[in-house]
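Presented below is the structure to which this report refers.
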Amino acid sequence: MRLQNCHNFHDFRRLAKRRLPGPIFNYIDGAADDEVTYRRNTTSFESCDLLPSVLRGVSTVDMSVTVMGQKLAMPVYCSPTALQRLFHHQGERAVAAAAGKYGTMFGVSSLGTVSLEEARKISKGPQVYQFYFHKDRGLNREMMARAKQAGVEVMMLTVDSITGGNRERDKRTGFAIPFKLNLAGMAQFAMKPAWAINYFTHESFKLPQLDSHVDMGGGTMSISRYFTDMLDPSMTWDDVAEMVKHWGGQFCLKGIMTAEDARRAVDIGCTGIVLSNHGGRQLDGSRSGFDQLAEIVDAVGDKIDVIMDGGVQRGTHVLKALSLGAKAVGVGRYYLFPLAAAGQAGVERALEQMKVEIERGMKLMGCTTVDQLSRANLRFR
Ligand code: FNR
């Protein structure tokens, strides 16, 4: 299969699977425990149907939205994900460039393989910097200072990962950073020469946000130890309130699931929340962002920008989320598989398809702007 033959998420996933060594494919594709939440994230969009209106004069469509003060040309942004240069040597550079080209936001992860400064220079769209809460408060402040200096528009604190999720696929393959492959895992790498050539002919990658703390090659600390040793499970709302104040700009909490927590995010001055279960990778059995969206929008939708992610694979998924009151949606694997399959060209093709699907969907729904989408357009089963 070639890039030109990829017409949807499943095609990109198949192509990525063909190119990536099994342990890396399963790191992206996998989730926690029995992966119930992962599956539910996408199927939850089937719990309601769209009700189209007709004869509304829809020759031109404007799908732009404003989220946390940022004008986005489309209501979908590239959610922060770790280790992108492991999937394709272009990694975050490709995603930052593609997102900028499509006028949307890109989130660089603190476990990203390109520095937030470099990503900021590449991306023409607004940039999110995603980080975790460290025991070392000095490191937290240092990261915010770097982000401010680089011109990052939105700080995003991920709050659902106070400990790592139970990723059993990674245990089976031996996937870890630094690599600790078992024999079966090594054999799977040997079977994917195209990936190996791409990987070994480009400069080896590091984690520039956490360079002196987490090592990629057997030095200071593995990623799993990073989670257990460096992140602070005693973090409370007071700690985050202090950070929000210290940052003094757009600040978003990623991984909020309850109305009570959403209200607290408003109270401490956050300007956005991402309703997310981390793509099913943390607490298996947790509710999907889409299933929980109406409750959160009803609680705080008039006070804070509500974004959702998890399982978004189609323009119609985006239309359903916006109809329920989300300001925008985030995607993870939707752009990671195309990245793994074909680098920047893959991410651009996926974003183009998403844009075309949203535009077609809006026309078929009888809407010319996203604010015309409402719950009147939905019926739950
Ligand atoms: C993630 N996600 C994530 N989130 C975050 O806050 N920091 C991170 O470093 C990562 N890393 C990461 C790696 C991989 C391989 C995946 C698949 C996901 C979660 C991500 O931002 C987003 O919440 C989910 O990916 C959304 O679900 P979908 O779109 O992948 O179904």
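Read the figures in this text as sums done on the coordinates, not as results from a lab. What you are looking at is a predicted structure, and each value in this text was computed from that prediction instead of being measured. Ideal geometry is used to build each Cβ from the backbone, glycine not excepted, and the neighbour counts take in all protein chains shown.
Beta bridges per DSSP, both residues in the range 256-376: antiparallel share near 0 percent.
R0 = 41 Å: FRET efficiency of Arg39 with Leu183, Cβ-based, nearest 0.05? After rounding, the FRET efficiency stands at 0.85. Length available on full extension from Asp232 to Gln149: 0.36 nm per residue minus the Cα-Cα distance, which gives 27.4 nm.
Among the listed pairs Lys180/Lys254; Lys320/Lys363; Lys121/Lys192; Lys254/Lys303; Lys17/Lys171; Lys121/Lys206, those whose Cα-Cα separation exceeds 23 Å are Lys180/Lys254; Lys121/Lys192. Considering only C-alpha atoms, what is the centroid distance from the range 156-202 to the range 307-345, in Å? Rounded to whole Å, the Cα centres lie 23 Å apart. Potential lengthening of the chain between Lys171 and Ala259 amounts to 28.3 nm, from the contour at 0.36 nm per residue minus the alpha-carbon distance. Within the listed set Met362, Met105, Met230, the residue fluctuating most in the Gaussian network model of the chain (springs between alpha-carbon atoms under 10 angstrom) is Met230. Legend: ranking of residues His10, His278, His317 from fewest to most surrounding C-beta atoms inside 10 Å; resulting order His10, His278, His317. D by Stokes-Einstein for the range 30-174, Kirkwood Rh over Cα pairs, 20 °C, 1.002 mPa s: 121 µm²/s. One Cα centroid belongs to the range 241-290, the other to the range 90-105; the line between them spans 24 Å. For the chain, taking the reciprocal of the average inverse distance between every pair of different Cα atoms yields a Kirkwood hydrodynamic radius of 20.9 Å. Across the range 230-381, the convex hull enclosing all Cα atoms gives 154 Å³ per residue.
When the helices of the chain are scored as -39500 (n - 2.57) per DSSP H run of n ≥ 4 and the total is divided over every residue, the value at 222 nm lands at -12500 deg cm²/dmol.
Shape summary: the range 286-331 maps onto an equivalent ellipsoid whose semi-axes, from the alpha-carbon gyration tensor, are 17, 11, 8 Å in decreasing order. The calculated P(r) of the range 296-381, using every Cα pair and 5 Å bins from 0, goes 3, 14, 22, 22, 17, 12, 7, 3, 0 in percent. The antiparallel fraction among DSSP beta bridges confined to the chain stands at about 20%. Taking the empirical scaling 2.2 N^0.38 Å for compact globular proteins as reference, the range 6-76 has a Cα radius of gyration ratio of 1.62. Restricted to Cα atoms, the range 152-263 shows a radius of gyration and a Dmax of 18.3, 51 angstrom.
Panel order for Phe175, Phe200, by other beta carbons found within 10 Å of each beta carbon, from fewest to most: Phe200, Phe175.
Arranged from fewest to most other beta-carbon atoms within 10 Å of their beta carbon, Phe251, Phe205, Phe290 become Phe205, Phe251, Phe290.
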